[in-house]
C-alpha cells in the first residue's frame, strides 16, 4: 500500500478505538465528523453533544431511531428509545427513563422527545423535565428528530429552538403542482453554526413542566379514545 494512504487509515483506526470515541453529529461516516459550510471537518467530543431520548407509543420510538440510522448511514451515539406498550407499568417506565437519561446525558445535557401530549409516554417524559440540563418536547416527528441530531452540539436552549422549528417546518401540504424544494448550492439546513445567546425564558416556554409525583401517568381516553 502506498505510504500516502497509510496515515489516513491509521488516523481513522485511532478514532474508532476506545470507549470514549467522538461520534457523528451529522450524517457523515467518520466518527465525530460535522460538515460545516465554508470550512473543513471538525470533531466534536462526546461531551459536547446532547443526548437524545425518545419516549413514545410502541413501536414509534424505535421506528424513529431506525429512520435516523437509515438517513445517516449508521446510528449516531447516545440516542436512546423507550417504547411504551399498552400493558406497561408506568412506575417502572419512569424509573427506566431516569436511568436512561443519566446514561445519555453529558456536559451538554439531554433532550427528551415524546409523541402525544396527555398520553402515557408524554406523562412519563414529563417526569424528566425537572432533571437539571434536560428539556422535554412533545409532538415529535421525524423532521424534529433530524434537526435535533444536527444541532446537538449547540447549547441546550438553542437545540430546543432548532428542534421545534424543524418540527413545524416539516409539516407541509403537498399538492400536484407543488414544486420540489432544493437547498441552495453549498448550503446545509442543519449547519451547526455558532449560535447566538438563546433566551432562557423563551426556551423554558417550549418545554413541558414536570408533573407532580402523585399525578396519574396513564392516558385519559376521551369519547374517541387516543
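Quick notes on this one:
- Out of 167, 125, sole residue that is under 17 Å from residue 67 (Cα atoms) and either crowded, with 18+ Cβ neighbours inside 10 Å or in contact (Cβ under 8 Å) with a residue 12 or more places away in the chain (or both): 167
- Selection count where residues are touching a strand residue (DSSP E or B) at 6+ places or on another chain (Cβ under 8 Å), outside any loop (DSSP other than H, G, I, E, B) and either within 15 Å of residue 51 (Cβ to Cβ) or at pLDDT below 95 (or both), scope region 69-90: 4
- So residue 61, is it outside any helix (DSSP H, G or I) and touching a strand residue (DSSP E or B) at 6+ places or on another chain (Cβ under 7 Å): no
- If you go through region 91-111 and keep only what is surrounded by 12 or more Cβ atoms within 10 Å (Cβ to Cβ), touching a residue at least 60 places away in the same chain (Cβ under 8 Å) and not in a helix (DSSP H, G or I), you end up with 106, 108, 110, 111.
- Complete set of residues in region 139-156 that are farther than 14 Å from residue 48 by Cα and in a helix (DSSP H, G or I): 142, 143, 144, 145, 146, 147
The values are calculated or read from the model by the stated rules, or taken from the named source; none is laboratory data. None of the values given here were measured: they were computed from a predicted structure. Counting neighbours? That spans all protein chains shown, and the Cβs are built from the backbone with ideal geometry, glycine included.
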